[in-house]
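Notes to accompany the following structure.
The values are calculated or read from the model by the stated rules, or taken from the named source; none is laboratory data. Because the structure is predicted, anything quoted here is derived from the model rather than measured. Cβ: placed from backbone, ideal geometry, glycine included. Neighbour counts: every protein chain shown.
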Amino acid sequence: MGLWAFYFLIKIILFYTGYINFHFFVNLAFALALIFSHARPRLLQIKRWVAIPIGIILFYFDSPLPPLRNIIAKLDQLLGFSFNYYIELLGRILDWRILVALAVSFVIYYALSKKIRMTTIAMLAIFSVLLPFHSNSSMQAYDSDGQVIGIPSDAVLTESLDGFFVEESGRTGFNRSQKASGQAFDILVINVCSLAWDDLKYVKEEDNPLFKRFHYLFTSFNSASSYSGPSIIRLLRASRGQQDQRDLYKKPVEDSLLFNNLKTAGFQTQFALNHDGKYGDLLQEIRTDGGLSAPLFDNKQATPYLRAFDGSQVYEDYSVLSNWWDARMKLPAERVALFYNTITLHDGNRALDGARLENSVETYSRRLHKLLEDVDRFYTKVNNSGRQVVIVFIPEHGAAIRRNKNEIVGMREIPSPNVTNIPVGIMLTNKSDSPFKTNRIDQPTSYLATSELISKFVAKPPFGASTGNLEAYLKDLPSTRFVAENEDSVIMKFGASYYFRSNDINWNLFDTGN
């Protein structure tokens, strides 16, 4: 096997330390092919040409990087990254500490290979992955009461997932027959890219002053996706239960569209971004799959703030929102519903001057603090205007800013709870409750709960002394079991444990790392 024994030993070490998977049969087949290629000169000649590319592809297949089929499907988007972002991503993948460890390991391997038959050691290492002591052996499954149970079969888990989507397809969360009446108010939905509870805790911003303004705070809200497009579509289709990932790009059911429902109820719908929406055809997805037909607010007069991961302009959140609000105040419309999307926290964004190569992971905390400060400042401006407004702060998904063994920092191929458990808050202006109280919603929820709560606000505006206790709006708020998906994988909560399945892997217990 020669130096290929080192290749397999390194992969086994990375497997046991949790950094990569190890697909036993394909790796075994490759190892045997390398060994038996020495039997004939013709095979040895073929080996020289094909072994290295096969080894690279197999290493990639075992790695936590996105499957090649996903890379190929999104190649046009990947080619849109800026040069600086490519350099940053390469630095995350090729950690210098790992490179040093590899160099030291090779020196040790080379010394041992003079005295020990390393091919035999490598083959034993490959077969060791079949032993029961690796990976998830210490993990246990729990039922909803916290009792240890046996791991459910693939059939049971698949049946549970299928049943979830059947049940969700029949749930609705907006009373479409109602018309807004009584006190006029606006609804502003601020949709934030790349912010989860795990990110907040990691950068120590979970107690930011903005969160003290929330009249409602969802602590267990599942974004159900870990990428922007699907998460935004799910939000815009919030008035029906959670859809299967495959159905998100089919024609939406009319009564699922939250902003269409608000328009029918008497709100003038509006749309704003702090970016151009061109990357990944996001703007087109919002129009077509999210059903948002409102005119796009011109953000060109706002203050430039960042250079995006694709080299495009990102504008300051307060500046865009403030300009929009000034324009809104000149409108005769009694009720307006705004959808605003910001990519300020997106991975790869950097300072405009580009004087030095910034690491967007290291600047995340600074950008987050600025974003929360901007939203707080905007709330103050709206509150001082005297208008009654409901402001919904709702992220798309997390940033995966904390390093873990499942994935590289910033990558979100696995829709884990660390990425999809997002902080959702609702603020009411001109609300004179004293003392101020934040109503926490700790039960598992998702977009349907947001739509239902907004529908209740439309039926009975939550302003003024006559509204009584704000807790009343939380009665019968729909709960949603945790299921999160991407194109290639799904994570589902069953009992008190999480289970993972992908196109290549059957159901397995999933370690959230908490």
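General remarks:
- In the stretch 61-70, residue modelled with the lowest pLDDT [restricted to those that are in a helix (DSSP H, G or I) and surrounded by 13 or more Cβ atoms within 10 Å (Cβ to Cβ)]: Asn70
- Annotation note: of Lys278, Lys370, Lys263, Lys330, the sole residue that is over 19 Å from the mean Cα position of the chain (by Cα), surrounded by fewer than 21 Cβ atoms within 10 Å (Cβ to Cβ), more than 24 Å from Leu90 (Cα to Cα) and modelled with pLDDT under 95 is Lys278.
- Here Ile394 clears all of (1) assigned to a helix (DSSP H, G or I); (2) within 26 Å of Gln183 (Cα to Cα) except the condition numbered (1).
- Those residues of the stretch 6-20 which are under 20 Å from Asn506 (Cα atoms) and either buried (at least 17 other Cβ atoms within 10 Å of the Cβ) or modelled with pLDDT of 90 or more (or both), in sequence order: Phe15, Ile20
- Per-region count, the stretch 335-357, residues without any contact (Cβ under 8 Å) to a residue 40 or more places away in the chain and among the acidic types (Asp, Glu): 1
- Considering residues of the stretch 83-120 that are part of a loop (DSSP other than H, G, I, E, B) and at pLDDT 70 or above only, the residue nearest to Phe36 (Cα to Cα): Arg117
- Test: residue in the stretch 291-302 that is assigned by TED's automatic domain parsing to the domain that holds Gln388, more than 28 Å from Ser385 (Cβ to Cβ) and in contact with a Leu (Cβ under 7 Å, 6 or more places away or on another chain): yes
- Here Thr158 does not qualify as over 19 Å from Tyr499 (Cβ atoms), surrounded by 14 or more Cβ atoms within 10 Å (Cβ to Cβ) and among the β-branched types (Val, Ile, Thr).
- The residue of the stretch 305-333 that is farthest from Leu352 (Cα to Cα), among those that are of a type in the set (Gly, Ala, Ser) and assigned to a loop (DSSP other than H, G, I, E, B), is Ala333.
- Per the listing Leu248, Leu195, the residue uniquely without any contact (Cβ under 8 Å) to a residue 60 or more places away in the chain and of a type in the set (A, V, I, L, M) is Leu248.
- Any pair with Cβ under 6 angstrom, 6 or more apart, that starts in the stretch 314-334 at a residue that is charged (D, E, K, R) and ends at one that is outside any loop (DSSP other than H, G, I, E, B): Glu316/Tyr305; Asp317/Thr342; Asp317/Leu371; Asp317/Asp374; Arg328/Val336
- Restricting the first member to the stretch 110-130 and to residues that are under 14 Å from Met1 (Cβ atoms), and the second to residues that are polar (S, T, N, Q) and surrounded by 12 or more Cβ atoms within 10 Å (Cβ to Cβ), the beta-carbon pairs closer than 9 Å and six or more apart or on different chains are Ile126/Asn27.
- Residue in the stretch 422-433 that is assigned by TED's automatic domain parsing to the domain that holds Gln388, modelled with pLDDT of 90 or more and farther than 25 Å from Arg387 by Cα present: yes
- Which listed residue, of Pro53, Pro41, is over 22 Å from Phe127 (Cβ atoms), more than 31 Å from the chain's Cα centre (by Cα) and at pLDDT 75 or above: Pro53
- Condition check for Ile233 on (1) surrounded by fewer than 19 Cβ atoms within 10 Å (Cβ to Cβ); (2) among the β-branched types (Val, Ile, Thr); (3) assigned to a helix (DSSP H, G or I): one failure, at (1).
- Residue match in the stretch 216-229 (condition: part of a helix (DSSP H, G or I) and in contact with a His (Cβ under 8 Å, 6 or more places away or on another chain)): yes
- If you go through the stretch 468-507 and pick out every residue that is part of a loop (DSSP other than H, G, I, E, B), under 21 Å from Arg240 (Cβ atoms) and of a type in the set (Val, Ile, Thr), you end up with 1.
- In the condition set (1) assigned to a loop (DSSP other than H, G, I, E, B); (2) touching a strand residue (DSSP E or B) at 6+ places or on another chain (Cβ under 9 Å); (3) surrounded by fewer than 23 Cβ atoms within 10 Å (Cβ to Cβ), Gln242 is compliant with all but (3).
- Test: Ala180 is crowded, with 18+ Cβ neighbours inside 10 Å, in contact (Cβ under 8 Å) with a residue 12 or more places away in the chain and not assigned by TED's automatic domain parsing to the domain that holds Val336: yes
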